[in-house]
Amino acid sequence: FFSLPKMAAPATPPFLRVPQFLEDEKDAPLLAMDDGFLQAQGEAIYETTSTWAGLLSAETQLRPLQEAKEGDLTADVDRIIEKDAERTFMQPCQREALSRVMRSLAVEFKNYAQAMSYVGGFLMLMHDEETSVAMMRVLNGNPKYIPGYWTTEAIAFATDAYVFLPLLEAHEPEVAKLLKEKFCIMPETYLQKWWVALCIQSLPFELGVVYLKHFFEGGYIFLFQFAIALHWHFKEKLLAAKDHAEVYSILRLERKVLQETPITEAVFAQALTYSFPDLDIDKARQTAYDTHLKARIERARQLAEEDDDLSDFDDEDEDDE
C-alpha cells in the first residue's frame, strides 16, 4: 500500500459490492432492520431496486459531486456529520465515504439533517455513489417529494404533519380523536421517522424496499396514504392503549409491536385505496403553517435574536474591561 496525494476521493461502488460488507457491518445501526434480508436477496436486491433511479428521473441530477472544502461547513455541522456516519456504519471505509458525501450535500443543500445519513447510506447499499447522490438531489429538490424536510428546523415536515391531520380525521376519525383529545398527541411528534427518515429504521428492510418504491412512484401523497394505513392497521392497539408510552411504542413501530401485529402487503394495498381529490396542497400547507406553526416559529426566532443581542452586549462589556 502507498499514500496518494490528497485529492477528491473516487466515487464508490454500491456498498453491498464491497467484499465481506454484510459480515463486517452486521452490527451497523443502519442494518438494524435488515433481519437477514440482504443476505437472502443476494444479487436479486439489485433487480429489486433497479427501477428506483428511473422512478425519480434521477438521470436529470447526474453530475459530479463537489468536494466540501475547509470552511464550507461550521465546526458543529462537520462534527455532527462525522458522528452520524458513526451512527450509520461500523467500518472506517464506509463511514469515510458516507461522511464525505454528506459534507458535500450539506454544502449543496445549504442544510443538513441526520436523516440524510440514513437515507443516503441506505441508497448507497445498492447504488453507486453518483446515482445515490442524484437520487438524494431529487428527493430534496423536487416538489413531488420532500424538499425542506432535511433541514435544522424542518418546517416543511412539520407543516405537512399538520396537513396530514385533517386527512387522518377524515379517514380514521376514531383514531384521530383518540390521539388528539385523549392523549394530546399530534402527528408532528411521531411522523418524523416515517417521513423524514423514510422508515429506514422503522420497517424491516423487506418492507422498507416496498415502501420506498411506492414513495418514489407517488411522492409525498404516498407518505399521507401509508401513514393513514398504519393508523388503520394499528387501530385496535391504539384504541386499547392505556397511556402515552404505549401509544408512542405503537406509533414508533417498535419491534415488539411489529412482531405482535406484523405489517403485510395488505397495509400497502390499503394505503393505495386512499385518495385526496379535494386536497389543494399549497393552500393546505399555508393554512397548516399559519394555524399551527407561524406564531411558534416567529417567537422562537425572536428569542434567538434577543439572545444574540445579549451576547453582543456581553462581548462589548468584556472589550470595555
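The values are calculated or read from the model by the stated rules, or taken from the named source; none is laboratory data. Being a predicted model, the structure only gives us computed values, none of them experimental. Cβ placement follows ideal geometry from the backbone for every residue including glycine, while neighbour counts extend to all protein chains displayed. The protein model used for the area step is the full one, side chains on, heavy atoms only, and it has no ligands, DNA or RNA in it. Shrake-Rupley method; radii C 1.70, N 1.55, O 1.52, S 1.80 Å.
Table for the structure above
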item: Reach of Lys177 by Cα under 18 Å, taken over lysines that are not fewer than 8 positions away in the same chain; result: Lys235, Lys237, Lys242
item: Computed over region 20-159, Cα set: Rg, Dmax in Å; result: 15.1, 44
item: Computed [θ] at 222 nm, deg cm²/dmol, the chain (DSSP H ≥ 4; -39,500 (n - 2.57); rounded to nearest 500); result: -17500 deg cm²/dmol
item: Ratio of the Cα radius of gyration of region 219-265 to 2.2 N^0.38 Å, where N counts its residues; result: 1.17
item: Alpha-carbon Rg/Rh ratio, for region 160-238, with Rh computed the Kirkwood way; result: 0.96
item: Glu108 accessible area, assembled protein chains, probe 1.4 Å, Å²; result: 70
item: Lys177-Phe37 FRET efficiency (beta carbon distance; Förster radius 56 Å; 0.05 resolution); result: 0.95
item: Cα-based convex hull, the chain, per residue volume (Å³, whole number); result: 178
item: Fraction in percent of alpha-carbon pairs per bin - 5 Å, region 51-115; result: 3, 17, 24, 20, 19, 12, 4, 1
item: Dipole in debye (nearest 20) - the chain, about Cα centre, beta carbon charges: Lys, Arg +1; Asp, Glu -1; result: 1840
item: Length-normalised contact order for region 117-165 - Cα pairs under 8 Å, 6+ apart - percent; result: 17
item: Efficiency of FRET from Cβ geometry, Leu303 and Lys69, R₀ 25 Å, rounded to 0.05; result: 0.15
item: Region 1-114, dipole about Cα centre (Lys/Arg Cβ +1, Asp/Glu Cβ -1), debye to the nearest 20; result: 380
